[in-house]
1. Does Thr75 satisfy the criteria of being part of a loop (DSSP other than H, G, I, E, B), surrounded by 14 or more Cβ atoms within 10 Å (Cβ to Cβ) and either hydroxyl-bearing (Ser, Thr, Tyr) or in contact with a Ser or Thr (Cβ under 6 Å, 6 or more places away or on another chain) (or both)?
2. How about segment 134-144: which of its residues are in a strand (DSSP E or B) and either under 18 Å from the mean Cα position of the chain (by Cα) or in contact (Cβ under 8 Å) with a residue 60 or more places away in the chain (or both)?
3. Looking only at residues in segment 202-251 that are among the small types (Gly, Ala, Ser) and at pLDDT 90 or above, which one is farthest from Leu19 (Cα to Cα)?
4. Would you list the strands (runs of 3 or more DSSP E) that sit entirely within segment 145-262 and hold 2 or more residues that are open to solvent by 30 Å² or more (accessible area, probe 1.4 Å)?
5. Out of (1) within 30 Å of Lys225 (Cα to Cα); (2) free of Cβ contacts under 8 Å to residues at least 40 places away in the same chain; (3) open to solvent by 70 Å² or more (accessible area, probe 1.4 Å); (4) of a type outside the set (D, E, K, R), what's the single condition that is false for Phe131?
6. Go through segment 87-114 residue by residue and tally those that are modelled with pLDDT of 95 or more and open to solvent by less than 10 Å² (accessible area, probe 1.4 Å).
7. Residue by residue through segment 79-105, note down the ones that are farther than 20 Å from Lys155 by Cα and in a helix (DSSP H, G or I).
8. Within segment 29-57, track down each residue that is open to solvent by 50 Å² or more (accessible area, probe 1.4 Å), of a type in the set (Asp, Glu) and within 30 Å of Gly222 (Cα to Cα).
Amino acid sequence: LSERGNHPVEQRKMKQWVLKITAYADRLLADLDLVDWPESVKEMQRNWIGRSEGLEITFDVGGKPLEIYTTRPETLFGATYMVLAPEHPLVKQITTPDKTAEVEAYVTAAKNMTDRDRMIKDKTGVFTGAFATNPATGEKIAIWIGDYVLAHYGKGAVMAVPNADQRDADFAKQYGLDVKPIFPKGVEEDADSGVLMNSGFLNGLSAKDARVKFMDHAESNGFGKRRVNYKLRDWIFSRQRYWGEPFPIIHRPDGEMSLVDT
């Protein structure tokens, strides 16, 4: 609710001018070595930019493609369910009739929360009634929506591997979802040196070696492609009242002015 008047507040999509700083992400990261800043500040900047190398994986949902982005593609054999952001465009398309009312209520509630609130609250979710095909195993895995998944990061969808991720493990325990062991020590296994099991052609490999091998396999089989991702987002111009927003105007030599093509 609003601070004054207790009026309902909801988040809506709006067209706004933005500074396309994401086009300079790699340069911003590389040029940190050229500035005389404390190393702690540089590390904060690196984390803010948030560069990661991973794989886009396409799941099939009844003939509809569903893409996720992950930095741990070698754990796909252990994915037992998926979670979409409530705002994901596929939610309405794949939700089964018997789950529609519950899903719509959950989506409405998520719209009334900030991203920060969604990330720090207890993890909750709702089953859509739909299933996706795990491209590594051919198995059907349940598709849930959860407000802790944000639409603007990655693809707005995650594959859940309870044996390799504590967040996924907690969610699976809460809702009684399957856990497929792919590491002997489970979530306590080192993300690079842990040795895989129950993972087909990756069995016996360290996670680090398996990651490269699985990326090659996914690309050659057409269900994955390498991608660099960033946490960095384009900057929104939000100044109002007297300041206004800096519209990109071209001032020509003859005095004419025109908008930059968008």
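1. In short, no.
2. The first filter runs over segment 134-144 and keeps only residues in a strand (DSSP E or B), leaving 140-144.
Matches in segment 134-144: Ile141, Ala142, Ile143, Trp144.
3. So, considering only residues that are among the small types (Gly, Ala, Ser) and at pLDDT 90 or above, the one farthest from Leu19 (Cα to Cα) is Gly204.
4. 224-229, 249-251, 257-259
5. Condition not satisfied by Phe131: (2).
6. Result for segment 87-114: 2.
7. Pro97, Asp98, Lys99, Thr100, Ala101, Glu102, Glu104, Ala105
8. Of everything in segment 29-57, just one residue is open to solvent by 50 Å² or more (accessible area, probe 1.4 Å), of a type in the set (Asp, Glu) and within 30 Å of Gly222 (Cα to Cα), namely Glu53.
The values are calculated or read from the model by the stated rules, or taken from the named source; none is laboratory data. Remember, predicted model here, so these are calculated numbers, not experimental data. Please note: Cβ atoms are built from the backbone with ideal geometry, for glycine as well, and neighbour counts cover all protein chains shown. Remember, those area values only see protein heavy atoms, side chains included, never the ligands or the DNA or RNA. Shrake-Rupley method; radii C 1.70, N 1.55, O 1.52, S 1.80 Å.
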